[in-house]
1. Which one of Asp144, Asp130 is within 16 Å of the ligand (Cβ to nearest atom), acidic (Asp, Glu) and exposed (fewer than 12 other Cβ atoms within 10 Å of the Cβ)?
2. Counting only residues that are in a loop (DSSP other than H, G, I, E, B) and open to solvent by 50 Å² or more (accessible area, probe 1.4 Å), which one in segment 1-27 is nearest to Asp73 (Cα to Cα)?
3. Take the residues in segment 238-264 that are more than 12 Å from the ligand (Cβ to nearest atom) and exposed (fewer than 14 other Cβ atoms within 10 Å of the Cβ); name whichever of them is farthest from Asn55 (Cα to Cα).
4. Would you call Leu231 open to solvent by less than 60 Å² (accessible area, probe 1.4 Å) and either touching a strand residue (DSSP E or B) at 6+ places or on another chain (Cβ under 7 Å) or modelled with pLDDT of 95 or more (or both)?
5. Sort out for me the helices (runs of 4 or more DSSP H) sitting completely within segment 155-227 that have 3 or more residues that are under 16 Å from the mean Cα position of the chain (by Cα).
6. Does Tyr163 meet the test of being open to solvent by 70 Å² or more (accessible area, probe 1.4 Å), closer than 22 Å to Tyr97 by Cα and among the aromatic types (Phe, Trp, Tyr)?
7. Can you give me the ranges of the strands (runs of 3 or more DSSP E) entirely in segment 28-92 with at least 2 residues that are open to solvent by less than 30 Å² (accessible area, probe 1.4 Å) and at pLDDT 95 or above?
8. Which one of Val197, Val223, Val211 is more than 16 Å from the ligand (Cβ to nearest atom), of a type in the set (Val, Ile, Thr) and farther than 27 Å from Ala17 by Cβ?
Amino acid sequence: DDDGGRKMFMEFPYVSAPYRDLMVDLVSTMESRLGPYLLPCTLPPDVQYYHNRTNTAFGTLHIRSGIKPSHIDFVFGSWLHCKLPSGALNITSLSAYLSPSTDAPNFLIELIQSSPTSLVLILDLPPRKDLVLHPDYLQTFYEDTQLDKYRKQLDKIPEVRPYYSSSLYIRCSVSPTAILVCIETEPGRTERMEEIVRDHVSVIAKEVFGVWLDHCACGGREVGETDRARLAKRDLMFKSKSIEIDLGSSLPRLFGEEVATRVSGVIRDVFNI
Ligand SMILES: C=CC1=C(C)/C(=C/C2=NC(=C3\c4[nH]c(Cc5[nH]c(C=O)c(C)c5CC)c(C)c4C(=O)[C@@H]3C(=O)OC)/[C@@H](CCC(=O)O)[C@@H]2C)NC1=O
């Protein structure tokens with residue numbers, strides 16, 4: 001049942017408190033602000049919680065579709081934990097996709113931890129229109145909201161470096177204010193990493209999520225029929241590329257073909273691809 005799946009998801013059992021507290025806060029904020037417009041998660045139990053045959057890799061998926069009059073297409077939360085020779089890999093993510101009834105940006109946060117002292121943080125409101133062609137869109141969602149100040153704040157921390165995705169598609173699908181950083185502390189200095197996550201990453205992530213909730217999810221601009229068709233086409237392309245790039249190689253490698261096919265198949269269904 002949904003509650004079992006949600007409970008498992010919300011435990012974030014394999015990450016330490018600063019990461020868990022951030023994700024629980026973001027999901028709770030999302031549920032309190034958007035809850036009335038979200039259907040319960042109806043994913044099969046073996047996709048809400050999945051693991052590989054040797055029980056070295058575990059994952060959860062929590063996807064809830066939005067209902068009218070909200071502009072929510074669906075929101076999805078996930079965590080993935082894999083024991084690897086080099087140490088444990090933990091990926092936690094929360095993403096919200098809006099429907100073509102608005103052209104406002106989506107929301108994405110991903111925390112990719114390849115060791116207790118090394119973290120890749122993705123935090124963005126990916127645009128849903130070409131910014132060169134629509135400077136007013138850039139103004140409304142990125143300039144007026146002053147989103148770049150969060151990227152600048154993080155940049156001041158010595159352990160923070162820019163993260164360049166190996167995928168050029170990913171690099172051109174993020175906003176100019178996107179936070180794509182790699183945070184590395186001295187080996188063993190786990191408490192410094194947790195301090196950065198608790199005192200900086202969490203504060204900024206909640207602010208950016210608040211901007212999305214106020215200006216995109218709840219304040220999103222209506223679009224006309226012709227724009228809707230163009231928007232739906234662009235959203236579809238982005239969703240399928242995102243799954244291909246994020247999951248295409250890692251899911252089969254970490255969970256095996258059978259589990260990867262089952263999980264990504266269900267994700268494609270929900271993504272309507
Ligand atoms: C603007 C939009 C996007 C940006 C900016 C973006 C960034 C990145 N994500 C990566 C990854 C990633 N994410 C997830 C979560 C997840 N993604 C989806 C997608 O539908 C679902 C449904 C789920 C829950 C199951 C997993 C499991 C996973 C990886 O294994 C992968 C990774 O960590 O490899 C090291 C990296 C790949 C490229 C690279 O190595 O540089 C890169 C950092 N990914 C975007 O979509």
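The values are calculated or read from the model by the stated rules, or taken from the named source; none is laboratory data. Since the model is a prediction, treat every value here as computed from it, not as a measurement. Cβ coordinates were reconstructed from backbone atoms using ideal geometry, including for glycine residues, and neighbour counts include every protein chain displayed. When the accessible area is computed, the model is the full protein with side chains, heavy atoms only, and any ligands, DNA or RNA have been set aside. Shrake-Rupley method; radii C 1.70, N 1.55, O 1.52, S 1.80 Å.
1. So the residue among Asp144, Asp130 that is within 16 Å of the ligand (Cβ to nearest atom), acidic (Asp, Glu) and exposed (fewer than 12 other Cβ atoms within 10 Å of the Cβ) is Asp130.
2. If we filter segment 1-27 for residues that are in a loop (DSSP other than H, G, I, E, B), which is where we start, we get 1, 12-16.
Those left that are additionally open to solvent by 50 Å² or more (accessible area, probe 1.4 Å): 1, 13-14.
Numbers: Asp1: 22, Pro13: 28, Tyr14: 29 Å.
Selected residue: Asp1.
3. The selected residue is Thr261.
4. The answer is yes for Leu231.
5. Helices (runs of 4 or more DSSP H) meeting the threshold: 168-173, 202-212.
6. Here the answer is no, as Tyr163 does not meet what is asked.
7. Per the criteria, 57-65, 72-84.
8. Criteria check complete, one pass: Val223.
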